[in-house]
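These notes are about the structure you will find just below.
Please treat every number below as a calculation from the coordinates, not as lab data. The shown structure was predicted, so the numbers you read here are calculated from the model rather than taken from an experiment. Ideal geometry is used to build each Cβ from the backbone, glycine not excepted, and the neighbour counts take in all protein chains shown.
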Amino acid sequence: MKSSLILAFLLVSVAWIAPVHPPADKWKMPYKKHGFTKEQAAAHLLSRFSFGATPGQIQQLAESGLESWFEAQLNGQIADPAVTDKLINYTALTYSNETIANTFLQPNQVIQAAIRAGVISRDSLKDAGKTLLRPEIRQFAQEKGYQPLIELHRQLINQKIIRAAYSNNQLKEVLTDFWFNHFNVSLTKNQSQQFVLTYERDAIRPFVTGQFAEMLLATAKHPAMLEYLDNASSVSNDNAQNRQQQRNPGFQRRQAAIDKALEDSARMGNPAAQIVMQRRKAEGLNENYAREIMELHTLGVDGGYQQKDVTEVARALTGWTIYPLRDEGGAGAIKRLVERVGWDNLSKRGFVREGDFLFRADKHDEGTKTILGKTFDGKSGYQEGVDVIRMLATHPSTANFICKKLAVRFVRDTPPPSLINKMSKVFLQSNGNIRETMIAMVSSDEFWDKANLREKIKSPFEFTISAVRATNADIQQPFQIFQWCTRMGQRFYYYQAPTGFPDKSTFWINTGSLLNRMNFGLAFASGKIPGIKVDLPALNQHREPESADEALDVYSKIFLPERPLEENNKRLKALVNDANAAEKINQAAAANTTEDDADNMQMNRNQRRRNNQNERAALSKNSKAFTMSFVPGNNSTLAQVAGIIIGSPEFQRR
C-alpha cells in the first residue's frame, strides 16, 4: 500500500500535468460570480501574475482590492528598495552596448587586442599556443580593464533571479520573462552574447505592458536580435546608390586593392582578412529573421503567409544592421565611410542611425515588394521596414497568435477559444495594447472558471523563485538558483532555438524532473544550498510543532495558502512515515523512467540518464532522513518536512 502511495506521489504530476481602458473602479473581476472568496481570488491572481505569494500577501491583497492591485502591477512603478540594494554592485546593468563590447571580451578578442598593441607577436602564438594564461596577456587585459564574458553573464543571470524574487512589481517581472522567451535570443551564439543584457533591459522590459508594435520594432533593431537571427548581414545591391558607387573609379580602385590583398597568401592567417572574406561569402539576402518574425513573433505558423512573403519581408529589411561598437576587423569599414563622406551627407542619402542601430541605404533592396497582399514600392528605405513590421504587429493573425500565447501562459495549456476571441478583439481595437489585452483576460469569465485553478505547472525558474518567496528566503548567492534551474532543465538565457522554452506542462514534468525538484526542496529547506538562508521557525512565529504530522499541516498552510491540502498531505504523511521511502522512490523512478522531450535540457540521452542516476542517488541519501523521529526544536527535522512540501505535487502547480 505504501509503495503505491510513493509511486503515485512521484507520477501524479505527469498527468496534471483603442481607447484607454476604464480605470479599475469601472471594470471588475467576476470572481464572486464563480464562487471565489476574496482570499481565494487573491491567491489565484498571485499564482498567475507573480512568481508566488509571500507569507501574508494574500490577505493584504484581498484587503487592498484585487482590481487596484492589478492596475498597480500593470503600471509597474512601485518602489523596489530591496532590489535596488541587492543590485547596487552590478555595474554592467547600466552599461551601453559600446561599453560592454569594449569591456567584456571573448578570449580571442583579448589576444587579438594584445597583438595589435604589440604586447605579443602572432608568431609567438604559434609556438606557445593561444592562451589567456600567459602573464603578458593577463597583465595587458588587467591594464585595459577587460573582463571575461562570464562576468557579464553572471550579472545578467543574477539580476533576473533577484528581481523575480524580491521585486514589488511582480507582473512586470513575469511579463519580462514571458516576452523575452517569446522574442528569444541566446547566450550560446558568440555574435549576440555581449548584447543579451541590454536586449532584455532596452528592447523588452520597457514595453511589457505597452504597444506590441513598439516592442516588436525595438527587438528587430537591437544588436542581439540582429546578430542572433543574422539580419545584420542581410544586404542587397539592388539600389541606385550601389550602382552609382560601382561605377566610381575610386571605389573600383579600393575594391581592386582589397581583392589583391585578400589573394596574398601571407595574409590568409590575418583575422581582419578572414573577417572580410567571411562577410563577403555571407553577403546577400538572409531570410532567417524574416521567417521567425512571421512564424514566431507575429502571425504564427498558421498565420496565412507563404514562402514568397518571407522572402519579401527579408528584402524589406535589407540594410538593417549594427553601427560598429568595436573598431576592429571589418567593422572599421563603416566608420571609415562615415569619416570619408560625413554623416550629414549619408543622412541625406537615406542612412539612419538610432543608437546602435544602423540602416544602410546602400545595402537596401529598392525593388517593389508585395507582402500579405500589400504592395511596397521600395522607395522609402528605412521606413519601408518599419511599415512592414507595424503591419505584421497589428494583423488579425498576430492578434490571435499573441492572445492565445498569453492565455496559455496565464490561464491553462489549452485555453478556450471564446477567451482568445475576446482578447483578440481588444488587441485589434487598441492597436495591440498589451495592458488592455491583459485586462480583457483577467476580467473575463473564462479566467475565473474554477476548472482552470492550479492547471498550470511551474517551470524550474518559477518553482525555485516561488520557494524563495513562500519562505521569505534571503538569497546571497543568486547563481546557485541558476545552477538548480539548469539541473531541472531550464538553463535560461541559453536556450538555443528561437522558439524559446515551450510553455506546456509535459515539457517540465517527468520522473527525472520530479526527483530533481524533490532534491531542491530538501536542499533548500535544509540550508544546504550555499548563499541561501531560510528561517523556517520565524514563518510560524517560532511556535514549534509537536509532531511531523502537525508540522506538515502547519507549513502546508503557510506554503500553500487557500489550497485544498487533504490529498496532498495524505501522500506526504505516508512518505514521511515510511521507513523504506528511499528504496521505494528509487524503485518507482527506475520502473517508470521516461525520456524527456527532445528539446528538454538540450542534452543527449546518455547525459540525461547520468543526471537522473545522480539525482536518484542524492535523493536516496536525503530520503533516509525522513525516517527520523520528529524532535521539537530540531531544525533539521523541520527542514525535511518543509522540503517535502516544497517538493510535493501541489507546490508544482500555479
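Between E151 and E566, what length comes free when the chain is fully extended (0.36 nm per residue of separation minus the Cα-Cα distance, one decimal in nm)?
Separation in residues times 0.36 nm, less the Cα-Cα distance, equals 144.8 nm.
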Original post:
Among H34, H542, which comes first, second and so on when ranked by fewest other beta-carbon atoms within 10 Å?
Top reply: H542, H34
Subject >> Proxy reagent accessibility, fewest Cβ within 10 Å first, across I439, I115 >> reply: I115, I439
Original post:
When all C-alpha to C-alpha distances in segment 43-85 are sorted into bins of 10 Å, what percent of pairs does each bin hold, rounded to whole numbers?
Top reply: 25, 58, 17
Original post:
What distance in nm separates the simple spin-label points at D549 and L337, each placed 7 Å from Cα in the Cβ direction?
Top reply: 7.8 nm
Original post:
What's the FRET efficiency of S64 with D445 using the Cβ-Cβ distance as r and R₀ = 41 Å, to the nearest 0.05?
Top reply: 0.95
**OP:** For segment 396-452, please report how many Lys pairs fall under 17 Å Cα to Cα, leaving out neighbours fewer than 8 apart on the same chain.
**Re:** 4
Subject >> E98/Q476 FRET efficiency (R0 45 Å; Cβ-Cβ; nearest 0.05) >> reply: 0.90
**OP:** For segment 553-574 and segment 337-415, compute the distance between their C-alpha centroids and round to whole Å.
**Re:** 52 Å
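Can you tell me which of 420-427, 369-376, 469-476, 647-654 comes out highest on packing, and rank the rest after it, using the mean Cβ neighbours within 10 Å?
Output ranking for 420-427, 369-376, 469-476, 647-654: 647-654, 420-427, 469-476, 369-376.
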Subject >> Computed over segment 427-566, Kirkwood Rh from alpha-carbon pairs, angstrom >> reply: 17.9 Å
Original post:
Spin-label point model (7 Å from Cα, Cβ direction): what's the V301 to E214 distance in nm?
Top reply: 3.3 nm
**OP:** Provide the descending list of Cα extents for segment 396-452 along its principal axes, expressed in whole angstroms.
**Re:** 31, 19, 16
**OP:** Using the 2.2 N^0.38 Å rule of thumb for compact globular proteins, work out how segment 29-136 stacks up: its C-alpha Rg over that value, please.
**Re:** 2.05
Original post:
So how far apart, in nm, are the two label points at D344 and Y90 if each is 7 Å from Cα heading toward Cβ?
Top reply: 4.4 nm
Original post:
Given 0.36 nm per residue, what is the gain on full extension from T370 to Q191 after removing their alpha carbon distance, in nm?
Top reply: 61.3 nm
Subject >> Segment E354-N108, extension gain: residue separation times 0.36 nm, minus the distance between their alpha carbons >> reply: 85.7 nm
Original post:
Once all Cα-Cα distances of segment 337-436 are split into 10 Å bins that start at 0, what whole-number percent is in each one?
Top reply: 14, 30, 23, 20, 11, 3
